[in-house]
Amino acid sequence: MTDTPPDRLSSNPRSPFFDEALLARGIGIRFKGAERRDVEEYSRTEGWIRVALGKKVDRRGQPLTVKLSGEVEAWFERPAAGAEPSDEVSASD
């Protein structure tokens, strides 16, 4: 398993890009140089994130979202289960 997050990922279970196993590891997102914790979906190659629009919901009870364009970086916050420790940790010993 690689330690690179997928190109596109969503936290909405209705989305075809939803992956519970990857989300359990925690995904960090940096958008336009600032870390964001409110991202509901992202695409690195297309350069956009989707965030909730406050507490507003549509008529089906789903949160309203807005799509923001810009540079997107993504990383895993925790290593995969059973993964080798990174070289950075062993190099400091």
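Looking only at residues that are modelled with pLDDT of 95 or more and assigned to a loop (DSSP other than H, G, I, E, B) in segment 59-84, which one is farthest from the chain's Cα centre (by Cα)?
Among them, the one singled out is R59.
Where the second residue is among the polar types (S, T, N, Q) and the first is at positive phi and lies in segment 20-49, which pairs have Cβ atoms under 9 Å and are six or more apart or on separate chains?
That search, which allows pairs on different chains as well, returns G47/S69.
Scan segment 53-71 and report the pairs whose first residue is farther than 17 Å from S15 by Cβ and open to solvent by 60 Å² or more (accessible area, probe 1.4 Å) and whose second residue is of a type in the set (D, E, K, R) and modelled with pLDDT of 95 or more, with Cβ atoms within less than 8 Å and a gap of 6+ or a chain change.
Within 8 Å, the pairs are E71/K32.
The values are calculated or read from the model by the stated rules, or taken from the named source; none is laboratory data. Since the model is a prediction, treat every value here as computed from it, not as a measurement. All Cβ positions, even for glycine, are placed from backbone atoms using ideal geometry, and neighbour counts span all protein chains on display. Quick note on the areas: whole protein, heavy atoms, side chains included, nothing else; ligands and nucleic acids left out. Shrake-Rupley method; radii C 1.70, N 1.55, O 1.52, S 1.80 Å.
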